[in-house]
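The values are calculated or read from the model by the stated rules, or taken from the named source; none is laboratory data. Owing to the predicted nature of the structure, the values given are computational and were not obtained by experimental measurement. All Cβ positions, even for glycine, are placed from backbone atoms using ideal geometry, and neighbour counts span all protein chains on display.
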Amino acid sequence: MPVIAHLDRPGYRYASPEFGAEFLEAVISGIPEADRGGLPWSRVTRCAGCTLPLDSPHSEADFFVSIQLAELPQFEVEIGMPAMTCGHCGTVQMPPSRELDVHRSEALLQAFKAADVGPG
């Protein structure tokens, strides 16, 4: 991940002021997400690839997302999280869940903290 080292103290800072928000958006849009729709009493989870109903159990998967942000070299992020695999087309995707969005965002923030990378 491209970062800029601090000269006056330990740690690193974002490569640009917009990096944090752009990075998070790129990761979120780079992971396929199953769709949950239908009437409240008959909700169906559909595959992000072929749109057929999913019935696979939840498992864990590593998602690899290529990130290309303005004026920075392309890099890849690996994130492990709950996943569903379509039995029809084989698409591995995250389950449809607002709760996962919160956990995914928190995991990325914790990764930045652990690597001592921040905005300033």
**OP:** Identify all residues within segment 81-93 that are modelled with pLDDT of 90 or more and in a strand (DSSP E or B); write none if there are none.
**Re:** ALA83, MET84, THR85, VAL92, GLN93
**OP:** Could you please give the count of residues in segment 26-59 that are part of a helix (DSSP H, G or I) and hydroxyl-bearing (Ser, Thr, Tyr)?
**Re:** 2
Original post:
So which of PHE23, PHE63 is surrounded by 13 or more Cβ atoms within 10 Å (Cβ to Cβ) and assigned to a strand (DSSP E or B)?
Top reply: PHE63
Original post:
Could you list, in sequence order, the residues of segment 35-67 that are under 14 Å from MET1 (Cα atoms) and without any contact (Cβ under 8 Å) to a residue 24 or more places away in the chain?
Top reply: PHE64
**OP:** Quick one: which residue in ALA111, ALA70, ALA107, ALA48 is in contact with a helix residue (DSSP H, G or I) (Cβ under 9 Å, 6 or more places away or on another chain) and within 30 Å of TYR14 (Cβ to Cβ)?
**Re:** ALA70
Subject >> Members of segment 69-106 found to be within 18 Å of ALA26 (Cβ to Cβ), surrounded by 15 or more Cβ atoms within 10 Å (Cβ to Cβ) and among the hydrophobic types (A, V, I, L, M, F, W, C), listed by number >> reply: LEU69, LEU72, VAL77, ILE79, MET81, MET94, LEU100
Original post:
Within segment 37-59, is there a residue that is under 19 Å from PRO119 (Cα atoms), exposed (fewer than 12 other Cβ atoms within 10 Å of the Cβ) and modelled with pLDDT of 85 or more?
Top reply: no
